[in-house]
């Protein structure tokens, strides 16, 4: 009875669309075990609004009904809420930081492991693999690219790019500091480009959710900068603690923005790039 009274008090002060979002998130968790309850509401609201418009629905409640009763509707919803796939070497500024900060740090490790948490598809994973190949680090570095959406995981692990895009990708690669030919790291067949097998073989794709899962290995570097802005304050702290527990001493952490006092982690890291979320773990 007390719980119902508390919920009624909460609902009375919430706008209808915000209440619909809370009910949708709770239904996703209770029915399918998918937990988005700790995500920042502005980002969720924006993506849900785009989805209901695209599907010709009037309300989020209608989306919830479809999710609960229509086969395949959950997969569509999860795709809409997932981290958008990244294009190769996009943005070039991020690849520059990988080149200037991450690659030198990995060069002093015997057998480095890099975790791309909530990896934004082949664009993010391939870019790192190519950067490592440029510095002859690919043969001893293993990349773990994890994705919480199983459908997107399957697409990423078997992904290719249109070969007709290689000229534009070459320009972006050069803007990121690349001095060779991007085509040297790819093979083309039937109009599609794929990563060379010796590079693709160094990427382990896996299903993993930083929201609910525990640490699964120790890494010399962890990069997660596209998904973190979607997390609410409590979830963000939970994920940052997970990364700290998974990062080797003196390992490199790359996140979306500099650590703040509310993150409670600043004293455990040394900032590597002023104004950027790149750190070395020192505590």
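No value in this document is a laboratory result; all are computed from the given coordinates. Because the structure is predicted, anything quoted here is derived from the model rather than measured. Quick reminder, even Gly has a Cβ in these numbers, built from the backbone with ideal geometry, and neighbours come from all protein chains shown.
Worth a mention:
- Global form of region 161-204, assessed from the alpha-carbon gyration tensor, a/c cut-off 1.5: oblate
- Annotation for residue 248 and residue 19: the two label points, set 7 Å from Cα along the Cα-Cβ direction, are 5.3 nm apart.
- Sequence-separation-based contact order of the chain, relative, with Cα cut under 8 Å and 6+ spacing, percent: 17
- Packing-based exposure ordering (other Cβ within 10 Å, fewest first) of 207, 138: 207, 138
- When only alpha carbons are used to place a centre, region 61-132 and region 206-283 end up 15 Å from one another.
- FRET efficiency for residue 58 and residue 188, using Cβ-Cβ distance with R0 set to 41 Å, rounded to 0.05: 0.35
- Cα gyration tensor shape of region 100-177, rounded if a/c is under 1.5, else prolate or oblate by comparing a/b with b/c: oblate
- Structure-derived volume of the Cα convex hull per residue in Å³ - corresponding label in (i) 170; (ii) 180; (iii) 154: (iii)
- Cα-projected label distance for residue 100 with residue 179, points at 7 Å along beta-carbon direction, nm: 1.6
- Label sites at residue 217 and residue 157, each approximated as a point 7 angstrom past Cα along Cα to Cβ, lie 1.4 nm apart.
- Packing, as the average of other Cβ atoms within 10 Å across residues, places the peptides 32-40, 90-98, 125-133, 161-169 in the order 125-133, 90-98, 32-40, 161-169, highest first.
- Region 2-81 - percent relative contact order, Cα under 8 Å, separation 6 or more: 26
- Anisotropy class of region 2-81 from Cα gyration tensor, a/c 1.5 cut: prolate
- From most to least packed by mean Cβ count within 10 Å, the peptides 47-57, 220-230 give 220-230, 47-57.
- Crossing angle, helix 233-246 versus the chain [Cα axis fit, 0-90 degrees, rounded to tens]: 40
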